[in-house]
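Below you'll find the structure, written out as structure tokens, and then a few comments.
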Amino acid sequence: MPPVTQSHHQIVRGRAHVYTRPHINTDEILPGRYLALTDASEMARHAMETIDPGFSQKVRPGDILVAGEDFGAGSSREHAVWALKETGLAAIIATSFARIFFRNAINNGFLVIECRGVADTTQCGDELEIDLSAGTIQNLTREVVHSFPPLSDFVREILAAGGLLPLVFGEPRNPEV
Amino acid sequence: MSMTMTEKILAAHSGRNHVKPGEIIKARLDLVVCHDATTPPTLVLLEKYGVKHVFDPSKVVVTPDHFVPNKDIQTAQNLSWIRRWVKQTGIQHFYDIGRHGICHALVPEEGFVRPGMVVVAGDSHAPTMGAFGTFATGVGSTDLAVALATGEIWFKVPHSLLFHLRGPLPPGVYAKDIILYIISKIGVAGATYQAMEYTGDTLATLSMEARMTICNMAIEAGGKSALMPADDVTRDYLHERMQEPYEVVRSDPGAEYAGIYDIDVSQLEPIVATPYLPSNGKFIGEVAGTPLDQVYIGSCTNARIEDLRVAAQILKGNKVAPGMRLLIVPATTRIWNQALQEGLIEIFAAAGAVVSSATCGACFGGHIGVVDKDERCLSTTNRNFRGRMGHPEAQVYLASPATAAASALTGVITDPRDVLPSKT
């Protein structure tokens, strides 16, 4: 078993923010005019700005984003992942993900789970509990449970390490950068 | 055992005789492409992990394109930083301002792409280079850091989709219309995590530039990559630009595909994708007459010399409609200079167009034609998501350069077949 780290707890519990429209894309998650930024906390201020300008204000650490089909469509800009992660979200559950976004999220140790049905049965503010080993997402507010296929060993390995860079390079030499 | 082009290329680059879709492999990279929007965060990560080198400077190409020439102090700082890094790591292929271009146009035209390669770029439109029979895909800044440091990255081998293109393009219909049609049929997630492979008799009639236009928009269908097998047209293009040997990769006759599509290109008409999805392609008759505020001819999809020639053919001797803003942005400095030599810039200026130096510009809402609330822009770019070109309440319509030029003259969405000079 890979070691369990902060980003790889078997149980993740949080309050849901729900956006069900399909194809929420990287131009909406982090618009192109912000691509010159290199500071994640600045990016976070603009997360989901095109869809919900108050989004970053609403998120409390540990919250969970619930989305519909093809979340993260569009650009390879990893800024979209950093902006969302830096708001404090613990995970994103979507009916399906666009693949560059999915890959970028895993590379940052950011938990992303494809699970059909969650977007249809969750309301904003519901308390969700993700059980990674059981492969279930339980809506504690509404007593609904959905199942998802287990994350592959390869993905779990990257998440357990905290992302691709720690897995490939080990500890950062200059963590303050 | 039969394999698709994609499977063959990935097998060869991971030391395997055979791979199949779904397998995780680690692939050796032939080329890594960097631009100014995704490289600065990569440099932060490389510094964080103490990586001061790149795996092979001769296999890295750096060309700023998104915010150039420097748009503001932040982007000026980013470019200064890239310059220091390029010097420190010994990267020679750095196309600084004055030689720069949109990366997916510059990299092939400078002769860096050959059949059978694996290429990654820190940009989702990397599949453009699949027009040469390569596996080219877009990655984020973390993968870009790993690619630069090690020369390898992991891939899950994608399934392939096969698109049979049959028949010649009718007059007034172009490669852009083909790909907009395909995406309208399969949807923006119709090729998610799949390689879009092209075949059929239409291919031989398409120039390399036309093939790049088609491959460019793979990501707009969710595709991992796009591939066209190299042929004589490819060979002639390459021959003018590089001397390195290469081996053409073709799919085996028994290769398996996750889906096969048949497109009768001879029946196509000009297509316009309406807001807010690239899959909203409609035949031009449905949207003709829609008033426009701006027409933008640019981007890695459509601003190569053939695109500019088609636009010039339509604009020559005419003026843009009153109140119409026509922005023309050649994809690279080389193309800009060639357009100047061929007299195209003069035609554009006489028509009332604004001609910019090479940049991605307004395609992603960066600069050079950002749009306001309720404005409508018809562009030759690749995405029309809400807010893509500026204000979230602006509207972007995607089309070919011919449709764009015709529409600039009338001020409304216009069928290029109505204004094209008769074929000689």
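No lab work stands behind these numbers, since they all come straight from the coordinates. Quantities reported herein were computed from a predicted structural model and do not represent experimental measurements. All Cβ positions, glycine included, derive from the backbone under ideal geometry; neighbour counts span all protein chains shown.
Compute for the range B:168-318: radius of gyration divided by Kirkwood radius, i.e. Rg/Rh, restricted to C-alpha atoms, rounded to two decimals.
0.98
Semi-axes of the equivalent ellipsoid for the range B:230-361, please: Cα gyration tensor eigenvalues, times 5, square-rooted, ordered largest first, whole Å.
Output for the range B:230-361: semi-axes of 32, 25, 13 Å.
Give the relative contact order (percent, whole number) for chain A; include only Cα pairs under 8 Å separated by 6+ residues.
26 percent
What is the ratio of the Cα radius of gyration of the protein assembly as shown to 2.2 N^0.38 Å, with N the residue count, to two decimals?
So the Cα radius of gyration is 0.92 times the expected 2.2 N^0.38 Å.
Please arrange B:Tyr174, B:Tyr198 by how many other C-beta atoms lie within 10 Å of their C-beta, fewest to most.
Fewest to most other Cβ atoms nearby, the residues stand as B:Tyr198, B:Tyr174.
Name the residue, out of B:Ala126, B:Ala145, B:Ala358, whose mean-square fluctuation peaks in a Gaussian network model built on chain B with Cα pairs under 10 Å.
Result: B:Ala145 has the largest fluctuation of those listed.
Given B:Lys185/B:Lys373; B:Lys59/B:Lys224; B:Lys185/B:Lys224; B:Lys71/B:Lys316; A:Lys85/B:Lys48, which pairs have Cα atoms separated by over 24 Å?
B:Lys185/B:Lys373; B:Lys71/B:Lys316
Take every Cα pair under 8 Å in chain B that's 6+ residues apart, average their separations, divide by the length, and report that relative contact order as a whole percent.
Relative contact order for chain B comes out at 17 percent.
Sorting B:Thr290, A:Thr50 on the 10 Å Cβ count, fewest up front, what's the list?
B:Thr290, A:Thr50
I'd like the antiparallel share, as a percent to the nearest 5, of DSSP beta bridges with both residues in the range B:156-299.
Of all bridge pairs located within the range B:156-299, approximately 15 percent are antiparallel.
Rounded to whole Å and sorted largest first, what semi-axes of the equivalent ellipsoid does the C-alpha gyration tensor of the range B:1-42 yield via the square root of 5 times each eigenvalue?
28, 10, 9
Can you sort B:Ser251, B:Ser207, A:Ser76, B:Ser58 by how many other beta carbons sit within 10 Å, fewest first?
Ranking B:Ser251, B:Ser207, A:Ser76, B:Ser58 by Cβ neighbours within 10 Å, fewest first, gives B:Ser58, B:Ser207, B:Ser251, A:Ser76.
How many angstrom lie between the C-alpha centres of the range B:376-414 and the range B:75-120?
Cα centroid of the range B:376-414 versus Cα centroid of the range B:75-120: 29 Å apart.
Please build a GNM for chain B, connecting alpha carbons under 10 Å apart, and tell me which residue among B:Gln88, B:Gln395, B:Gln294 fluctuates the most.
Ranking B:Gln88, B:Gln395, B:Gln294 by mean-square fluctuation puts B:Gln88 first.
Based on alpha-carbon atoms only, what is the radius of gyration of the range A:19-177 relative to the globular estimate 2.2 N^0.38 Å?
Working it through for the range A:19-177, the quotient is 1.01.
Non-local amide H neighbours of B:Tyr261 (under 5 Å, H modeled in plane, Pro and chain starts lacking H): which ones?
B:Leu162, B:Phe163, B:His164
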